[in-house]
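What follows is calculated from the coordinates using simple rules that are stated; it is not laboratory data. None of these values were measured; they are calculated from a predicted model. Note that each Cβ is placed from the backbone with ideal geometry, even for glycine, and that neighbours are counted across all protein chains shown.
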Amino acid sequence: MSSYLFASSRCSVSRFSLLLGSSLPFFGIKSSAPRFTRLRHTSKSWAHLCTRSSSKLFSALSSPPPAHDDVIMLGIETSCDDTAAAVVRGNGDILSQVVSSQTDLLSRYGGVAPKMAEEAHSLVIDQFNLLILLNCITVGVQKARRLAGVFNLPIVGVHHMEAHALVARLTERNLQFPFLALLISGGHNLLILAHKLGHYLQLGTTIDDAIGEAYDKTARWLGLDMRKGGGPALEELALEGDANSINFSIPMRQHKDCNFSYAGLKTQVRLAIESRMISMENNPISLANLDDRRSRADIAASFQRVAVLHLEERCQRAIEWALKIEPSIKYLVVSGGVASNKYVRARLSHVVENNGLELVCPPPSLCTDNGVMVAWTGIEHFLLGRFDPPPPADEPEDAMFELRPRWPLGEEYSQGKSEARSLKRARVFPSLTSMIQGSVQN
Ligand code: KG4
Ligand code: ZN
């Protein structure tokens with residue numbers, strides 16, 4: 001098991017795409033509904049995955065790539081909160097999709113419980129008939145490699161955040177490179193300029209928490225029902241509140257860059273809760289009287305207004321920067337779990353329209369973690385000849401890959417480097433973009 005690198009404070013995630021090919025046997029769960037099956041369940045985390053040797057991350061095709069319709073990809077996404085798989089055809093048809101979240105576990109334990117997550121993954125994956133009892137960090141990867149080995153299929157390691165961005169190209173066929181993307185999830189806030197496939201410039205990132213983490217924590221402190229997920233529960237409660245009732249300050253205004261910070265807003269929320277004498281422990285909102293509920297709704301609405309204002313301000317600046325670098329940009333993609341929030345979508349659509357651009361938001365089911373985005377990203381890379389050959393059928397379980405916690409997607413825009421951020425984090429891995437550029441040159 002030592003070939004894995006673990007994300008520091010979070011469990012890790014695996015994402016893989018397998019090329020099934022049209023002549024190969026179909027596997028995965030075929031949904032009874034024509035396009036989607038959703039098994040409910042939940043929780044959170046990430047890290048990124050790729051093969052051990054960066055030079056082998058992608059192998060060039062020796063023969064011309066196949067026609068799009070001939071490519072069928074199985075995407076596998078496993079994290080501490082979700083297990084998802086999907087089968088997607090090269091032309092974008094979603095042949096099957098399943099998502100299982102561990103909501104019950106999250107609500108019972110108030111966060112990720114890795115051991116529980118591990119067990120739930122195994123149960124669900126067993127239903128898929130894909131995975132055996134292994135811990136949640138290795139489960140998706142090992143099964144993907146095992147399947148690829150047994151069926152002699154090429155395999156593509158997929159960067160989770162790239163998959164969040166690229167799934168927008170499946171839902172919006174006019175979306176050509178270059179484009180700007182805001183990726184907002186439980187662990188990431190990223191503003192990237194996508195020059196072309198595999199070539200990304202990072203305009204901004206979070207210096208501490210991501211917005212999804214702030215939504216989840218606030219929801220838990222307010223005693224919301226976490227079974228539907230902290231973000232959706234908070235979005236719902238905010239509809240009852242007065243968004244201007246509390247004047248939380250907008251993060252990082254003094255930093256004229258595109259980076260994010262949500263730790264300070266979380267602290268402001270905690271103080272607001274404490275000052276209203278709302279207990280943060282074992283205090284479900286279902287037991288609150290009308291005044292108490294109103295008070296919590298005001299906090300939720302005020303938090304959401306300011307959390308999203310921070311996104312709006314950073315997007316405005318990112319659009320200005322991006323248009324200077326790539327004047328042909330027409331789209332802002334907003335994706336990741338938080339992009340399923342209606343208030344977020346509405347506010348960002350104003351920013352985008354004011355700048356003469358178009359907003360592309362995948363449907364909510366493709367914004368939150370899903371197998372389709374992994375399969376689609378696998379297809380995009382495969383069609384450019386970037387994939388690994390089938391692993392040996394008898395590959396030992398612990399030998400062939402490593403997880404890359406906080407694997408950067410792109411190089412940092414030099415103007416975008418924040419002093420606050422560089423103090424916080426040293427980069428551990430070369431970015432996906434630099435690896436791809438390197439393999440192209442070699
Ligand atoms: O991308 P995602 O599904 O998983 C990660 O990669 O983290 O994002 C999950 C995050 C969670 O923090 C969840 O609370 C948040 O997205 N989220 C929302 C909404 N739906 C999911 N946040 C706000 N409003 C929502 N409707
Ligand atoms: Zn995600």
Please give the peptides 172-178, 145-151, 236-242 ranked by average Cβ packing (other Cβ atoms within 10 Å per residue), highest first, as a rough proxy for protection.
145-151, 236-242, 172-178
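Assuming 0.36 nm per residue, please report the length gained on full extension of the stretch THR267 to LYS324 beyond their Cα-Cα distance. Numbers along the way, then the final one.
On the way: separation 57, 0.36 × 57 = 20.52 nm, distance 3.57 nm.
Between THR267 and LYS324, full extension yields an extra 17.0 nm.
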Using modelled amide H (1.01 Å from N, peptide plane; none on Pro or chain starts), what sits under 5 Å from the amide H of THR206, excluding residues fewer than 5 places away?
ASN189, PHE260
In region 240-285, the trypsin sites (Lys or Arg not before Pro) that sit in a DSSP loop and have at most 11 other Cβ atoms within 10 Å of their own Cβ are ARG253, LYS256
Using only Cα atoms, locate the centre of region 318-372 and the centre of region 160-210, then give the distance between them in Å, rounded to an integer.
9
Starting from the amide H of SER96, placed 1.01 Å from N in the peptide plane, find each other amide H under 5 Å away whose residue is 5 or more places distant or on another chain.
VAL87
Listed by chain and number, the residues whose amide H is under 5 Å from that of VAL360, excluding neighbours fewer than 5 places away on the same chain and using placed H, are LEU332, VAL333, VAL334
Peptide ranges 352-360, 210-218, 314-322 listed from the most packed, as the mean C-beta count within 10 angstrom indicates:
210-218, 314-322, 352-360
Using the Karplus curve 6.51 cos²θ - 1.76 cosθ + 1.60 with θ = phi - 60°, what ³J(HN,Hα) values do you get for each residue of region 335-350, in whole Hz, with x for Gly and Pro?
8, x, x, 5, 6, 7, 6, 5, 5, 4, 5, 5, 5, 6, 5, 5
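Given contacts defined as C-alpha pairs under 8 Å and at least six residues apart, what's the relative contact order of region 268-382, whole-number percent?
Working: 76 pairs, mean separation 23.9, N = 115.
Rounded, it is 21 percent for region 268-382.
Can you figure out the FRET efficiency of ASN174 with ALA393, using R₀ = 45 Å and their beta-carbon distance, to the nearest 0.05?
0.60
Relative contact order for region 182-366: what percent, with Cα pairs under 8 Å and sequence separation of 6 or more?
For region 182-366, the relative contact order is 26 percent.
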Using Cα pairs under 8 angstrom and six or more residues apart, how large is the relative contact order of region 226-330, in percent?
44
For each pair in LYS266/LYS417; LYS217/LYS324; LYS266/LYS342; LYS143/LYS417; LYS196/LYS228, compute the distance between the two Cα atoms and list the pairs where it is over 30 Å.
LYS217/LYS324; LYS143/LYS417; LYS196/LYS228
Expected vector for region 180-191, Karplus 3J(HN,Hα) from phi with 6.51, -1.76, 1.60 and θ = phi - 60°, integer Hz, x for Gly and Pro, equals 9, 9, 10, 10, 10, 9, x, x, 9, 10, 10, 10
Ranking request for peptides 431-437, 297-303: highest mean number of other beta-carbon atoms within 10 Å first, then the rest in descending order.
297-303, 431-437
